[in-house]
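Notes for the one structure printed next.
The values are calculated or read from the model by the stated rules, or taken from the named source; none is laboratory data. These numbers were taken from a predicted model, which means no experiment stands behind them. Here the Cβ positions follow ideal geometry from the backbone for every residue, glycine too, while neighbour counts run over all protein chains shown.
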Amino acid sequence: VSLQSYDPKALPPYWQSGKPTPFAIIASSLRSISLDKGRIAASDALANLLRSVLLHFPADILSAVYLLSGTVAPSFEGLELGVGGQVIVKAAREVSGVTTAEVKRLLDEKGDLGDAVMEMKIKQTTLFKLPPLTVSSVFTTLRSLAQLKGANSQATRQQRIQRLLSAAQGEEVRWLVRILTGNLRSGTAKLTLLGALAKAAVANREWDDPQGGKRRGAWNKVVERTKEMEAVLRSCWSVCPSWDILVPALFDPQFDPLTLSERLRVHLHIPIRPMLGKITKDLPEALDKLDGLSYVADWKYDGQRAQIHWGGGVATIFSRHLENNTGKFFDVVNMIPQACVPTTSSFILDAEIVAIDGETGKHKPFQVLSNRPKKTQGELADLKGSDVCVYPFDLLYLNGESLMQKPLRERLHLLHASFSPVRHRFQFTNQLLDAAQDDVETFLSDALAGGAEGLMLKLLDEPPEEKKAERGALLATYEPDKRCNSWLKVKKDYSDSFRTFDLVVIGAWWGNGRKAGWYSPFLLACWNPKTERYESVCKVMSGFTDDFYREQLTAFTRENGMISPKRPSGYEVDDHLTPDMWFEPVHIWEIRGADLTLSPTHSAARGVVEPTSGRGVSLRFPRFVRVRTDKGLEDVTTSMESMYIYVFSGQVGLGVLTHHLWK
Ligand code: ATP
């Protein structure tokens with residue numbers, strides 16, 4: 001039902017206005033989205049559901065959003081459900097009385113734990129009917145499961161899951177299990193949910209207005225304002241990726257939802273999605289892009305990105321992917337007061353944490369950082385000799401004020417005025433301000449000789465209007481979650497050898513010979529943000545150790561929901577490239593290739609490089625480099641990036657590029 005023709009007043013028979021929202025309505029929405037009728041239909045279905053909740057039981061709106069996103073807390077709180085398949089199977093057997101052999105048969109037949117448990121429940125004969133599940137009771141129980149700790153937690157977890165499964169009916173069972181395993185598989189991608197929230201917020205005000213009713217001409221206004229609202233919401237999400245703050249502020253009846261970005265402050269201890277750099281082929285290309293503009297050249301250190309929040313004497317450190325890394329870097333936390341000048345009371349720093357030799361200050365490879373345990377008892381002995389140095393490169397917030405709207409020159413000035421270096425622990429980055437082109441060349445050689453990955457060239461001041469129009473996306477402000485032309489990466493990789501790609505693993509075949517019983521090769525894909533689909537780009541079978549192959553057998557199992565029974569709807573893969581099993585898109589691997597080539601089988605950037613033949617781009621001689629746990633799905637190399645690299649690596653002439661830009 002489209003957004004316009006949906007009537008939020010017409011409720012299903014099991015829900016009365018003013019009564020808590022039934023969980024069944026969430027399950028039925030997730031079901032309809034999983035039928036894959038496209039992104040617009042999915043976002044309409046979600047928006048309609050949210051409109052009903054807003055009208056009949058607004059207190060449930062936050063719990064509903066969490067359940068629809070399959071989460072129970074913001075990612076940076078580190079509260080994850082991830083209930084193992086075994087616990088769910090045990091609970092389901094207790095509830096339904098099904099035998100172990102029957103469970104196995106159902107799992108084999110359905111290939112999905114949610115579907116199998118739903119089938120088990122159908123076989124159950126119930127004497128007592130439990131009260132129906134509500135959105136708030138399910139959310140509260142799930143959150144409590146994620147918080148369970150200690151000796152009896154496993155038994156308590158199972159008991160609570162049993163209680164939920166006993167009360168769940170039909171579709172509710174399937175979606176409950178999928179949320180529990182942290183694997184929703186229903187296409188409620190973050191962008192779809194943000195789009196649905198935008199639609200619901202505007203329609204709720206302009207269209208469903210209980211006082212005014214549906215006024216003439218109001219629909220056009222809804223459409224227009226929804227587009228604006230979506231952009232506002234996306235930018236708010238990049239500054240404050242927390243439903244806890246965004247959802248109540250968005251639906252606050254006192255305000256027009258379109259004023260959300262004006263009302264939203266930067267929150268200390270809530271991560272800002274980091275600004276990202278654009279790749280360039282080599283230094284001349286980067287310098288060319290910034291020709292005539294003021295810029296700073298910064299060493300690009302090879303470590304781990306850290307966003308350091310400090311306020312009220314408390315520090316929080318977030319990874320590039322917004323995980324809470326405070327425990328991992330407790331030595332950095334202890335060092336912070338030494339690095340602050342007396343007037344610095346609160347701040348948000350963007351920095352690179354680099355492994356070093358604590359005595360000499362010499363840099364160590366990035367991999368050393370992974371030896372650090374994720375959570376420590378705060379004992380120096382836990383660090384296994386992996387000392388680190390913090391290299392701050394940006395200041396986003398200082399003493400209660402956001403600096404993101406200030407140009408980089410001013411932010412850097414404040415950065416240097418607010419901190420002082422601590423030997424081998426906190427150092428300003430090696431930097432060339434307003435440099436001449438020749439000096440930057442020498443600076444790049446120095447950086448590479450000094451163990452850095454290359455340089456970051458960043459725009460310092462807001463460019464004149466005509467330059468902005470000419471070159472696009474040139475902003476000296478801090479732009480959360482954006483890859484802008486104002487941050488350019490120059491890496492050794494791009495000029496010396498072929499660059500690496502961050503790709504998502506979407507499937508695998510069973511190996512032969514020595515690799516029999518293991519997954520090999522794996523199928524990898526890039527991401528097309530326009531269609532929101534993963535497009536296959538290569539098969540990988542080299543660069544792995546035997547241990548790695550073994551680990552993958554436990555990383556991708558049916559029980560943990562990582563193997564999908566059928567091709568997930570968001571995968572663009574040719575039929576004759578169908579792997580033995582499809583994987584859920586979770587693991588991101590860095591892959592190096594010899595070059596890119598046009599391919600009749602792979603679908604990355606299909607129709608762009610060669611509009612007529614329909615060939616896509618594929619990576620030749622791909623080799624696994626490392627797992628990128630620090631990256632999220634939104635960081636996967638996009639099909640367009642691979643196409644550009646294909647073009648820039650001289651494979652096709654400028655005509656193709658012009659054709660693409662023209663399109
Ligand atoms: P890569 O895979 O090249 O490390 P990325 O995709 O993780 O890059 P980008 O924004 O594209 O992230 O590249 C910038 C990265 O380089 C930052 O995430 C940060 O971790 C690192 N870095 C090191 N030194 C600097 C610096 N001086 N300024 C900005 N980023 C830096």
- Item | Residues located in segment 592-641, provided they are among the hydroxyl-bearing types (Ser, Thr, Tyr), touching a Pro at 6+ places or on another chain (Cβ under 9 Å), more than 16 Å from the ligand (Cβ to nearest atom) and in contact (Cβ under 8 Å) with a residue 60 or more places away in the chain | Ser639
- Task: Go over the candidates Thr259, Thr344, Thr280 one by one and state the one that is under 22 Å from Leu455 (Cα atoms) and not acidic (Asp, Glu).
- Result: Thr280
- Give the number of residues within segment 114-135 that are over 30 Å from His56 (Cβ atoms), modelled with pLDDT under 85 and either among the hydroxyl-bearing types (Ser, Thr, Tyr) or in a helix (DSSP H, G or I) (or both). 1
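Residue by residue, here is whether (1) among the hydroxyl-bearing types (Ser, Thr, Tyr); (2) in contact with a Lys or Arg (Cβ under 7 Å, 6 or more places away or on another chain); (3) surrounded by fewer than 22 Cβ atoms within 10 Å (Cβ to Cβ); (4) modelled with pLDDT of 80 or more holds:
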{"residue": "Ile179", "(1), (2), (3), (4)": "no, no, no, yes"}
{"residue": "Gly195", "(1), (2), (3), (4)": "no, no, no, yes"}
{"residue": "Ala198", "(1), (2), (3), (4)": "no, no, no, yes"}
{"residue": "Asn220", "(1), (2), (3), (4)": "no, no, yes, yes"}
{"residue": "Glu224", "(1), (2), (3), (4)": "no, no, yes, yes"}
{"residue": "Glu230", "(1), (2), (3), (4)": "no, no, yes, yes"}
{"residue": "Ser238", "(1), (2), (3), (4)": "yes, yes, yes, yes"}
{"residue": "Pro241", "(1), (2), (3), (4)": "no, yes, yes, yes"}
- Could you say which residue among Val296, Val223 is assigned to a helix (DSSP H, G or I) and β-branched (Val, Ile, Thr)? Val223
- Message: Can you find a residue that is of a type outside the set (D, E, K, R), at pLDDT below 95 and not in a helix (DSSP H, G or I) anywhere in segment 338-352?
- Response: no
- Query: Quick one: Ala315 ticks every box in (1) within 28 Å of the chain's Cα centre (by Cα); (2) part of a helix (DSSP H, G or I) bar one, so which box is it?
  - Reply: (2)
- Query: Just checking, how many residues over segment 19-46 are over 16 Å from Leu184 (Cα atoms) and modelled with pLDDT of 95 or more?
  - Reply: 4
- Query: Taking segment 4-45 as the region of interest, how many residues are crowded, with 18+ Cβ neighbours inside 10 Å and over 23 Å from Gly70 (Cα atoms)?
  - Reply: 2
- Residue selected from segment 414-444 under the condition away from the ligand (no atom under 16 Å from the Cβ) and more than 34 Å from the chain's Cα centre (by Cα), by the criterion surrounded by the most Cβ atoms within 10 Å (Cβ to Cβ): Glu441
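Conditions (1) in a loop (DSSP other than H, G, I, E, B); (2) in contact (Cβ under 8 Å) with a residue 24 or more places away in the chain; (3) out of contact with any Leu (no Cβ under 6 Å at 6 or more places or on another chain); (4) closer than 18 Å to Pro132 by Cα, marked per residue:
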position: Lys19; (1), (2), (3), (4): yes, yes, yes, yes
position: Ile26; (1), (2), (3), (4): no, yes, no, yes
position: Ser32; (1), (2), (3), (4): no, no, yes, no
position: Ala42; (1), (2), (3), (4): no, yes, yes, no
position: Asn48; (1), (2), (3), (4): no, yes, yes, no
position: Leu54; (1), (2), (3), (4): no, yes, yes, no
position: Leu62; (1), (2), (3), (4): no, yes, yes, no
- Note on the structure: Within segment 462-511, the residues that are at pLDDT 90 or above and away from the ligand (no atom under 16 Å from the Cβ) are Glu462, Val505, Ile506, Gly507, Ala508, Trp509, Trp510
- Among the residues of segment 513-555 satisfying the criterion of being in a helix (DSSP H, G or I) and among the hydroxyl-bearing types (Ser, Thr, Tyr), which is nearest to the chain's Cα centre (by Cα)? Thr554
- Message: Pairs needed: first member in segment 293-304, within 10 Å of Gly454 (Cα to Cα); second member anywhere, charged (D, E, K, R) and within 9 Å of the ligand (Cβ to nearest atom); C-beta distance under 6 Å; at least 6 residues apart or different chains.
- Response: Lys300/Glu453; Tyr301/Glu352; Asp302/Glu453
- Message: Quick check on Val95: is it of a type in the set (Val, Ile, Thr) and under 25 Å from Thr226 (Cα atoms)?
- Response: no
- Note on the structure: Counted residues in segment 168-211 being farther than 20 Å from Thr226 by Cβ, within 28 Å of the chain's Cα centre (by Cα) and not in a helix (DSSP H, G or I) come to 6
- Query: Among the listed residues Leu287, Leu283, Leu276, which satisfies the condition of being in contact with a strand residue (DSSP E or B) (Cβ under 7 Å, 6 or more places away or on another chain), away from the ligand (no atom under 14 Å from the Cβ), on the phi < 0 side of the Ramachandran plot and in contact (Cβ under 8 Å) with a residue 60 or more places away in the chain?
  - Reply: Leu283
- Task: Quick one: which residue in Leu184, Leu191, Leu148 is in contact with a Phe, Trp or Tyr (Cβ under 9 Å, 6 or more places away or on another chain) and closer than 22 Å to Phe76 by Cα?
- Result: Leu184
- Message: Name the residue that is farthest from the ligand (Cβ to nearest atom), counting only residues in segment 307-350 that are surrounded by 23 or more Cβ atoms within 10 Å (Cβ to Cβ) and within 21 Å of Pro421 (Cβ to Cβ).
- Response: Trp310
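Yes or no, residue by residue, for (1) hydroxyl-bearing (Ser, Thr, Tyr); (2) farther than 30 Å from Lys530 by Cα; (3) touching a Phe, Trp or Tyr at 6+ places or on another chain (Cβ under 9 Å):
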position: Ile26; (1), (2), (3): no, no, yes
position: Gly38; (1), (2), (3): no, no, no
position: Ser69; (1), (2), (3): yes, no, yes
position: Ala73; (1), (2), (3): no, no, yes
position: Gly85; (1), (2), (3): no, yes, no
position: Val89; (1), (2), (3): no, yes, no
position: Arg93; (1), (2), (3): no, yes, no
- Message: Out of everything in segment 100-125 that is in contact with a helix residue (DSSP H, G or I) (Cβ under 8 Å, 6 or more places away or on another chain) and of a type in the set (S, T, N, Q), what residue ends up being farthest from Leu54 (Cα to Cα)?
- Response: Thr100
